[in-house]
Amino acid sequence: MGLARIFRALVLAACAGVGVLQAATAPASTGPTAAPATTATESAIALSHRANHLFEALSKGDPEAVRAAQLEVEMLRRTYSTMDVTPLVEAAAFWARQKGLAGRPELGLEALQAVERWAPDHPTLLGTRIALMRQQGPRGWLWSFPDLLRLTRQRLEQPAHRWLWLLQHLGILRLSATLLLWGWALTMGLRYRHVLRHIWEEPLQHKGISPALAALIGAIILAGPVLLGLDPLVAALVWLFLLAPFLLPIEVKVTVFIMLFQLVHPVLAVMEPLAARDPAPSIETLQLQPHVQPIPAESLKLLPPTDQVFLSGWEQLQNQQWKEAEGTFQDLVGRHPDQAEVLNNLGVARYQLGDTAGAEKTFQEAQRAGTRMEILLNQSVLAFNRLDTALGASKQDEARAADPEAYASLIALNDARKDVRAYPIPMPDTAARSEALAEAAGTHSKAGRLPLSEPAFLAAFLLPLLGISAFLLRVRRSVRLAHPGQCIRCGEPYHTTDSPDPDVCSKCHHLFVLRDGLHTESRRKKLDEVAEHQRNTRWIHKTLIVLLPGCDLAFLGETREALMEFIPLCLAAGMVLATGRSVRYPGEAIPDPTSTWMAVGAVLVAVFYLRSWLKLFLRRA
């Protein structure tokens, strides 16, 4: 895997140089050469040159030159048999994104169209096409949805990517839960601000402590969890705990719901180790992709000896050392666990040496060991060489039915040259081989352990439950005790009232309803207090309308209507903030485009804020 990344870096750097220095003259293409490669690493160098030729042809806008460059790649694949050109595809995606940033997304899309024949549904190609189409405006956004659906399906089907995709998008719930708790705690704190202060100011006043010192103590109480280095979530829970006796029944229910919603955090924390897993090393990719340097023996030392011999034979096939490959695979007959692959490759070597009869016999033995698409295709090659078109066509149909995609990929190689060659089979991936490669490379890691016993997880799991328990216990105890209320007219805390309205204190009842019992000076003072409280209330209400749509309704006591407005706003904000950054998935060179949820969330946030701001104009009208 490390060597593949090295080659990707080499090709990407070469493509970047071509994109920056397009004016520089490049060596003219000398056309495809039929000379066999002397080492396997020559395929990486040759592929890098073909990538440069392709990008130069695309920059010139010459369709014939693009077609010639594509044929060069096809002939290179034909020379190295089943060589994978994924690094070239990723380099083309990188080059296309450069053109998109330069204001030429159409040219980038042409580059993707030129290379998609080798990897039609590659995630890097799909992501790059989506990003380039979005640069073309709203119409491009609409036309990119089919590619977006295919990319999403691939992410969900790939075990190494599934959890990362889910974690990225479920992060909407995590941020929404946080915003919901903070907004609700702030709104309740502002709604019951006077009785919240009364909790500590009244005892401190009885002890003769000055108002300034009492205010400082109150600030320390409210901000204490943050000052101690705890999560701000703890501060919000402390605020709601202190306000528990004063909340209305509907507000108590909403508070419990919001606290339960915080369990989203530990649930997503369980998913994080699953999303952090790197894809397992692939022995098949190690054989098919070209490498800048020969595969070091140290990276293969933990493989079984027969696997190491198989890889040596595979390299001999790639180097077209047919006689040496025949001896290597003949030695593995009956010894290697993958006999179908061994016999097929032995038949390939014999076919290339001109031993058609021996190759046919070996392919028949390979088919008995295990039916593979390549074996059937090789048998069709032999049948067509004998001019047995019926048998050849029958074998081709069987090969196509066995693996349609791989069949189409190998058949396309015949378009590059007139001669027809047999097709070898690489050694397949197994869990034991991936484990051996990972350990030899020093990247072996156990499967991510679930954080069920970690302090951070336990805190995130137990804190909401403890908060709910303490909150409900305080609510239950407050029912039996006389606790202050907050007058909706003047905002002053009170313990008892003779007003038929339980939200109005006795002084306001006598002042505004009975109009008795107050001296003229006391009446004037009380009217000033009421005016100041109402002025502050209007200022807070307008601020909530502007900053936190929905919280303004909760501030006035309209709890149900507030939730219908504030919860969608939190979800929309979570779409923007939680899915805003693009993600580079393990094993890929280029990050995915930004999530579509970001754009959807941005539109929803704008709609919710405009809807809320209209309240100010309607009230003024």
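The values are calculated or read from the model by the stated rules, or taken from the named source; none is laboratory data. Everything quoted here is computed from the prediction, not taken from an experiment. Don't worry about glycine lacking a Cβ; one is built from the backbone with ideal geometry, like all the others, and counts go over all protein chains shown. These area figures cover heavy atoms from the full protein model, side chains too; ligands, DNA and RNA do not enter into them. Shrake-Rupley method; radii C 1.70, N 1.55, O 1.52, S 1.80 Å.
So here's what we get for this one:
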| read-out | value |
| --- | --- |
| Karplus 3J(HN,Hα) series, Hz, for segment 554-567 with 6.51 cos²θ - 1.76 cosθ + 1.60 (x for Gly, Pro) | 5, 5, 8, x, 8, 5, 4, 4, 5, 5, 5, 9, 7, 5 |
| Under the Karplus curve 6.51 cos²θ - 1.76 cosθ + 1.60, θ = phi - 60°, whole-Hz ³J(HN,Hα) for segment 347-363, x wherever Gly or Pro sits | x, 4, 4, 5, 4, 5, 7, x, 8, 5, 5, x, 5, 5, 5, 5, 5 |
| Estimated inter-spin distance, Asp397 and Asp278, nm [label 7 Å along Cα→Cβ] | 4.8 |
| Spin-label model distance (nm) - Ala215 vs Gln158, 7 Å beyond Cα toward Cβ | 5.8 |
| Tilt relative to the chain, helix 123-134 - C-alpha long axis, 0 to 90 degrees, to 10 | 60 |
| Dimensionless Rg over Rh [segment 60-132; C-alpha; Kirkwood] | 0.98 |
| Tail weight of P(r) past 19 Å, computed on alpha-carbon pairs of segment 219-335, percent | 70 |
| Gain in span if fully extended, Trp613 to Val513, counting 0.36 nm per residue against the direct Cα distance | 32.5 nm |
| Degrees, to the nearest 10: 145-157 long Cα axis against longest axis of the chain | 80 |
| Rg to Rh quotient for segment 468-587, alpha carbon positions, Kirkwood Rh | 1.19 |
| Contour excess over end-to-end distance, with Cα ends at Arg584 and Asp503 and 0.36 nm allotted per residue | 23.6 nm |
| Crossing angle, helix 159-191 versus the chain [Cα axis fit, 0-90 degrees, rounded to tens] | 10 |
| Lysines with Cα under 24 Å of Lys615, excluding same-chain neighbours fewer than 8 positions away | Lys542 |
| Three semi-axes of the equivalent ellipsoid, segment 542-621, Cα gyration tensor, whole Å, largest first | 34, 13, 8 |
| Length released on extending from Leu473 to Ala531, taking residue separation times 0.36 nm less the Cα-Cα span | 17.2 nm |
| FRET E, pair Gln113, Leu170, Förster distance 25 Å, beta-carbon r, rounded to 0.05 | 0.15 |
| Radius ratio Rg over Rh of the chain, counting only Cα atoms, Kirkwood formula for Rh | 1.18 |
| Solvent exposure, largest accessible area first (probe 1.4 Å, DNA, RNA and ligands not counted), of Ser299, Ser43, Ser453, Ser522 | Ser453, Ser522, Ser299, Ser43 |
| Whole-number accessible area per residue in Å² for segment 117-239, which is evaluated in the context of all protein chains at 1.4 Å | 50 |
| Under the Debye formula (equal points on every Cα, no solvent term), log10 I(q)/I(0) of segment 123-177 at q = 0.24, 0.25 Å⁻¹ | -0.91, -0.93 |
| Where a label projected 7 Å from the Cα of Thr306 along Cα→Cβ would reach, residues of segment 313-337 with amide N under 11 Å | 332-337 |
| Rounded if a/c under 1.5, otherwise prolate or oblate - segment 176-265, Cα gyration tensor axes | oblate |
| Approximate spin-label separation Glu324-His495, in nm, with each point projected 7 Å along Cα-to-Cβ | 9.9 |
| Accessible-area composition of the chain, carbon plus sulfur, in percent [1.4 Å probe] | 62 |
